[in-house]
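The values are calculated or read from the model by the stated rules, or taken from the named source; none is laboratory data. Keep in mind the model is a prediction, meaning the values are calculated, not measured. Glycine gets a Cβ as well: all are built from the backbone with ideal geometry, and neighbour counts include every protein chain shown.
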Amino acid sequence: MRRIALAALLSLTVLPGLAIAQAAPNPPPPGPGMMGGPGWRHDGRQPEDPAAFLMKFYAANTTHDGHLTLAQAKAADLGPIAGHFTEIDTKHLGYITPYDIEAWRLDNIATHLEQRASQLRAED
């Protein structure tokens, strides 16, 4: 009886550790010339979590109106957003929304993909 109780107690302490050890590791960065699959940036780095970015956006939006001004972006230290503010603000309204930022990001991805496609065609 003691052996069964000891085996049950041992399995309860070891099995959770094995389950944690089986967790999937982070995927390796892509090799040269590879896009890296879904979710990877063109330069091989993992993108920021969209939810975390939205939290930063709304924290920077001190007026809580859903519009981020250049001054708010600079004050919140959103460097890439502040640095490319005029490119993102295509309507020249003086503010940007998360949708404007996403559209700008997708335009940049498309530009990089077109450049890479041209390079591959030239190599062919």
Here is a list of conditions, (1) surrounded by 10 or more Cβ atoms within 10 Å (Cβ to Cβ); (2) at pLDDT below 85, and residue 89 meets all of them except one; can you say which number that is?
(2)
Name the single residue that is nearest to residue 82 (Cα to Cα) among those in the range 41-56 being acidic (Asp, Glu) and at pLDDT 60 or above.
48
Search the range 111-124 for residues that are at negative phi and pair each with any residue that is modelled with pLDDT under 95 and surrounded by 11 or more Cβ atoms within 10 Å (Cβ to Cβ) when their beta-carbon atoms are under 9 Å apart and the residues are at least 6 apart or on different chains.
112/42; 113/35; 113/42; 116/35; 116/42
Among (1) outside any helix (DSSP H, G or I); (2) in contact with a helix residue (DSSP H, G or I) (Cβ under 7 Å, 6 or more places away or on another chain), there is one condition residue 91 misses while meeting the rest; what is its number?
(2)
Which residue, of 100, 77, is without any contact (Cβ under 8 Å) to a residue 12 or more places away in the chain and either crowded, with 16+ Cβ neighbours inside 10 Å or part of a loop (DSSP other than H, G, I, E, B) (or both)?
77
(1) part of a loop (DSSP other than H, G, I, E, B); (2) touching a residue at least 40 places away in the same chain (Cβ under 8 Å) all hold for residue 54 apart from (1)
Among 71, 82, which is the only one that is within 23 Å of the chain's Cα centre (by Cα) and on the phi < 0 side of the Ramachandran plot?
82
